[in-house]
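One structure below.
The values are calculated or read from the model by the stated rules, or taken from the named source; none is laboratory data. Keep in mind the model is a prediction, meaning the values are calculated, not measured. Here Cβ is always computed from backbone atoms with ideal geometry, including for glycine, and neighbour counts include all displayed protein chains. Areas reflect the complete protein model, heavy atoms only, side chains present, ligands, DNA and RNA absent. Shrake-Rupley method; radii C 1.70, N 1.55, O 1.52, S 1.80 Å.
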Amino acid sequence: MGARVESWLERSASVAAAQAQGRAVVALESTIIAHGMPYPENVRTAREVEAVIRDAGAEPATIAIIDGKIRIGLADEELEMLGRSGNALKVSRRDLPAVLASGELGATTVAGTMICAQLAGIEVFVTGGIGGVHRGAQETFDISADLQELARTSVAVVCAGAKSILDIGLTLEYLETHGVPVVACGQENFAAFYTRDSGYPADRRIDDPAQLAAFVRTKWSLGLEGGVVVSVPVPEDAAMPRAEIDAITQQALEEAKEQGVTGKAVTPFVLARIQALTGGRSLATNIALVKNNARVGAALAKALEQLGSDSN
Ligand code: PSU
Ligand code: MN
């Protein structure tokens, strides 16, 4: 990576050490902390997710924009600061230059985190659910920048599918058009965030981390740039009943429409309403699925470590 780009990056000592030794590193996003969950559950979850990754023998690297730097790996106090601040900007591809140049506090989305992870040489990234094509996108044009990023940036994104507030069928069509492989772990179908089964098949099922590692490295060694979606269903005991979550999602989406919520505010608004309408049960599900994804992401990163350094 060029010196110009390096000058924007600041790694924590533990991430720098892990990378220098060729040890497994897993990137984590910060929008889920600043905009996806309420305080203090957001900070507690961020710490627990990091602990899951460490326990699995990999190094977590939570990514955020602080004081004009892309920070790769945050200290505990920084996680706390991000989770409490209430004014962190939601940083996707278009926002990255502005927030870095201004020195404002930025929480990176899936798209933003993918860019930063690739710049920092990290191949695996764990999140909750990716953004996608919103319901009614025919009229609103609301398609998450996460999908474009998956089309161009070479990072494996471990998730519980696309957030169920979206149009999952259209999201999968979009990924297919852009040549983004969707790999399912543990089942044939693509996961649906709060529930296990979206009803749509993934392109392929690969349960074994070593095979998954070989798959992503093969893609990139062919020069086929872009991400891989690794779909992991929420654990059975934490999943929400489908009918209930569908009805509540419908209500939350209608409220967003009535209140004129648009653009980047839509996803945080809808997730917060679903949390309120389920009395916090959807939050418990969200936390459980992220932690589960962290286990799978760490196993993939370890398998990549076994394959040796990335030849990209
Ligand atoms: N996963 C979660 N909670 C979240 C997100 C993912 O469990 O809040 C965030 C990610 O940062 C993702 C964003 O990129 O939601 C999607 O926002 P939008 O639909 O505006 O692109
Ligand atoms: Mn959007």
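Would you mind finding the one in GLY128, GLY57 that is within 21 Å of ILE274 (Cα to Cα), at pLDDT 95 or above, out of contact with any Ser or Thr (no Cβ under 7 Å at 6 or more places or on another chain) and not in a helix (DSSP H, G or I)? On inspection, the qualifying residue turns out to be GLY128.
Only one of the numbered conditions (1) farther than 21 Å from LEU289 by Cα; (2) of a type in the set (Val, Ile, Thr); (3) free of Cβ contacts under 8 Å to residues at least 24 places away in the same chain is violated by ILE206, and that is (1).
Within segment 239-262, the only residue that satisfies the criterion of being touching a residue at least 24 places away in the same chain (Cβ under 8 Å), within 13 Å of ligand 1 (Cβ to nearest atom) and not in a loop (DSSP other than H, G, I, E, B) is LEU253. In segment 1-12, of all residues being assigned to a helix (DSSP H, G or I) and either within 20 Å of LYS302 (Cβ to Cβ) or free of Cβ contacts under 8 Å to residues at least 24 places away in the same chain (or both), the one that is most open to solvent (accessible area, probe 1.4 Å) corresponds to ARG4. Only one of the numbered conditions (1) more than 20 Å from ALA299 (Cβ to Cβ); (2) buried (at least 24 other Cβ atoms within 10 Å of the Cβ) is not met by GLU29, and that is (1). Within the set THR249, THR285, the sole residue that is farther than 23 Å from VAL49 by Cα and open to solvent by less than 30 Å² (accessible area, probe 1.4 Å) turns out to be THR249. The set of residues in segment 190-214 that are assigned to a helix (DSSP H, G or I) and surrounded by 19 or more Cβ atoms within 10 Å (Cβ to Cβ) comprises PRO209, LEU212, ALA213. Looking at GLY226, GLY179, which is the one that is open to solvent by less than 30 Å² (accessible area, probe 1.4 Å) and touching a residue at least 40 places away in the same chain (Cβ under 8 Å)? Residue meeting the stated conditions: GLY226. The set of residues in segment 263-281 that are more than 10 Å from ligand 1 (Cβ to nearest atom) and either farther than 17 Å from ASP142 by Cβ or aliphatic (A, V, I, L, M) (or both) comprises ILE274, GLN275, ALA276, LEU277, THR278, GLY279, GLY280, ARG281.
With respect to (1) more than 15 Å from ligand 2 (Cβ to nearest atom); (2) farther than 25 Å from VAL26 by Cβ; (3) hydrophobic (A, V, I, L, M, F, W, C), the lone exception for ILE115 is condition (2).
If the condition is being open to solvent by 40 Å² or more (accessible area, probe 1.4 Å) and either at pLDDT 95 or above or near ligand 1 (Cβ under 9 Å from one of its atoms) (or both), then segment 134-152 contributes ILE143, ALA145, GLN148, ARG152. For segment 4-40, the set of residues classified as hydroxyl-bearing (Ser, Thr, Tyr) and either within 16 Å of ligand 1 (Cβ to nearest atom) or over 24 Å from ALA88 (Cβ atoms) (or both) consists of SER30, THR31, TYR39, listed by residue number. Only residues that are closer than 23 Å to GLU48 by Cβ and in contact with an Asp or Glu (Cβ under 9 Å, 6 or more places away or on another chain) were counted in segment 84-105, giving 2.
Among the residues here, VAL290 qualifies as touching a Ser or Thr at 6+ places or on another chain (Cβ under 9 Å), closer than 20 Å to THR31 by Cα and crowded, with 20+ Cβ neighbours inside 10 Å.
Every condition in (1) within 21 Å of ILE165 (Cβ to Cβ); (2) touching a strand residue (DSSP E or B) at 6+ places or on another chain (Cβ under 8 Å) is met by LYS219 except one, and the failing one is (1). Screening segment 101-119 for residues that are surrounded by fewer than 24 Cβ atoms within 10 Å (Cβ to Cβ) and within 21 Å of ALA16 (Cα to Cα) and picking the one that is farthest from ligand 1 (Cβ to nearest atom) gives LEU119. On the given criteria, is THR267 polar (S, T, N, Q) and either open to solvent by 20 Å² or more (accessible area, probe 1.4 Å) or over 25 Å from GLY86 (Cβ atoms) (or both)? Judged against the criteria, THR267 is a match.
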